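In what follows, a structure is listed as structure tokens, so that the remarks can point back to it.
The values are calculated or read from the model by the stated rules, or taken from the named source; none is laboratory data. Worth saying up front: this structure is predicted, and the values here are computed from it rather than measured. Cβ placement follows ideal geometry from the backbone for every residue including glycine, while neighbour counts extend to all protein chains displayed.
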Amino acid sequence: MRLGDSVSVEGVEHPQPRAEIVGASQHTDSDVLLANLGTTRDKPQSQKEIAEKLLYRLLEDGGGEIAADVAYNAAEVEGISPATMRRAKVDIGAEGRGVWRFCSGALPV
């Protein structure tokens with residue numbers, strides 16, 4: 001990526017930096033998913049810890065609930081077993097069968 005000249009954006013007071021993507025990236029889809037979970041390949045974590053972070057993020061993005069099959073599919077992409085995902089659900093305080101949600105109905109702070 002290379003930074004170019006600044007550009008004007010309608011509705012934004014100050015000029016904004018312009019980025020130009022050049023060449024292929026060395027980062028994979030998994031790198032992006034892990035970064036969104038707040039971790040990297042350099043920081044080894046247990047499958048359970050990754051599952052907890054993944055599920056918390058999914059619940060957060062879903063407004064406090066997520067379809068169980070969506071959670072299982074996301075876990076499969078990360079190599080997390082369904083059993084580990086179920087344990088993570090309990091450990092972060094979520095409940096449900098077809099739809100998982102935080103027990104209190106609100107996101108924990």
**Complete:** Filter region 68-87 for residues that are in contact (Cβ under 8 Å) with a residue 24 or more places away in the chain and polar (S, T, N, Q); the one that is surrounded by the fewest Cβ atoms within 10 Å (Cβ to Cβ) is Ser81
**Prompt:** Across region 56-86, what is the total count of residues that are among the acidic types (Asp, Glu) and either assigned to a helix (DSSP H, G or I) or at pLDDT 95 or above (or both)?
**Reply:** 4
**Prompt:** Pick from region 74-94 the residues that are within 13 Å of the chain's Cα centre (by Cα) and not β-branched (Val, Ile, Thr): which of them is nearest to Asp31 (Cα to Cα)?
**Reply:** Glu78
**Request:** Can you confirm whether region 2-14 contains a residue that is more than 21 Å from Tyr56 (Cβ to Cβ), under 15 Å from the mean Cα position of the chain (by Cα) and either modelled with pLDDT of 70 or more or not in a loop (DSSP other than H, G, I, E, B) (or both)?
**Result:** no
**Prompt:** What number of residues in region 48-67 are buried (at least 18 other Cβ atoms within 10 Å of the Cβ) and not aromatic (Phe, Trp, Tyr)?
**Reply:** 9
**Request:** Output the residues belonging to region 29-47 that are modelled with pLDDT under 85 and exposed (fewer than 14 other Cβ atoms within 10 Å of the Cβ).
**Result:** Asp29, Ser30, Asp31, Val32, Ala35, Asn36, Gly38, Thr40, Arg41, Asp42, Lys43, Pro44
**Asked** Can you name the condition, by its number, that Val109 falls short on among (1) closer than 29 Å to Thr28 by Cα; (2) hydrophobic (A, V, I, L, M, F, W, C); (3) modelled with pLDDT under 90?
**Response** (1)
